[in-house]
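Down below is the structure, laid out as structure tokens.
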Amino acid sequence: MSVAKIAIIIGSTRPSRIGPSIATWLQQNLQTADLNVDILDLAKIDLPFLDERHMPSDGHYELKHTQAWSDLIQGYQGFVLLFPQYNWGYPAPLKNALDYLYSEWRGKPVSMVSYGGRGGYQAALALSLVLRGLKFNRLSNNLEISLPAAELDDQGHFKDPEKSLAPYKFDVRQLSAEFTHVLG
């Protein structure tokens, strides 16, 4: 069996975000001998607001940043979308990144990992409609990570990421097994 490539896409670009530490923890716990897991940070990718003249479903990309994004995404067999809940929704940079492409997402397995004070359920619910429209293969294992204030420092970051995220380790193992099964 070949090793499948999975990308964790960090959906928030906010400077004070906690997403990168969650992504690193996810990567360490999701990766197996059968899954190679990379992190794609939308803050570093820095896509402008959607500026292609043609519909993404046409697959006709004129701009270099769109073609680079398409090439990058085509290199992965599955995705974990990692995002916070903002006002019961998901971040605009994540929606923008998804909207740039169409066929590149079609049929690929995807899991949502939302986070927030209460886990991000409303954001995941809203994003699930978008994923349906893009024809992703939505996996059954999705995480909602709660961020208890007592476990965060004055900058809003985990005091001890491993300890704070430990309750989700079993769920990540289940997700890893599901990716392996779907892509095997």
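So here's what we get for this one:
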read-out: Residues being surrounded by 15 or more Cβ atoms within 10 Å (Cβ to Cβ) and within 17 Å of Tyr86 (Cβ to Cβ) - total across the range 129-140; value: 1
read-out: Qualifying residue in the range 129-138 (condition: in contact (Cβ under 8 Å) with a residue 12 or more places away in the chain and over 21 Å from Ser70 (Cα atoms)); value: no
read-out: All positions within the range 34-78 that are closer than 30 Å to Lys159 by Cα and of a type in the set (A, V, I, L, M); value: Leu35, Val37, Ile39, Leu40, Leu42, Ala43, Ile45
read-out: Count - residues of the range 158-184 that are free of Cβ contacts under 8 Å to residues at least 24 places away in the same chain and aliphatic (A, V, I, L, M); value: 2
read-out: Verdict on Leu143 being under 18 Å from Ile39 (Cβ atoms), among the hydrophobic types (A, V, I, L, M, F, W, C), open to solvent by less than 10 Å² (accessible area, probe 1.4 Å) and modelled with pLDDT of 95 or more; value: yes
read-out: Test: residue in the range 55-62 that is without any contact (Cβ under 8 Å) to a residue 24 or more places away in the chain and closer than 16 Å to Thr13 by Cα; value: no
read-out: Residues of the range 141-184 that turn out to be touching a helix residue (DSSP H, G or I) at 6+ places or on another chain (Cβ under 9 Å) and farther than 18 Å from Phe83 by Cβ, as a count; value: 10
read-out: Residue identified as on the phi < 0 side of the Ramachandran plot and out of contact with any helix residue (DSSP H, G or I) (no Cβ under 6 Å at 6 or more places or on another chain) among Gly78, Gly117, Gly89; value: Gly117
read-out: Hey, Leu82 out of contact with any Cys (no Cβ under 7 Å at 6 or more places or on another chain), part of a helix (DSSP H, G or I) and modelled with pLDDT of 95 or more or not; value: no
read-out: Tabulated pairs, the range 104-115, first over 14 Å from Gln174 (Cα atoms) and part of a loop (DSSP other than H, G, I, E, B), second small (Gly, Ala, Ser) and open to solvent by 10 Å² or more (accessible area, probe 1.4 Å), C-beta under 9 angstrom, 6+ apart or interchain; value: Glu104/Gly59
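The values are calculated or read from the model by the stated rules, or taken from the named source; none is laboratory data. Predicted, not measured: the structure shown is a model, and the values here were computed from it. Virtual Cβ from ideal backbone geometry, glycine too; neighbours counted across all protein chains shown. For accessibility, only protein heavy atoms count, side chains too; no ligands or nucleic acids. Shrake-Rupley method; radii C 1.70, N 1.55, O 1.52, S 1.80 Å.
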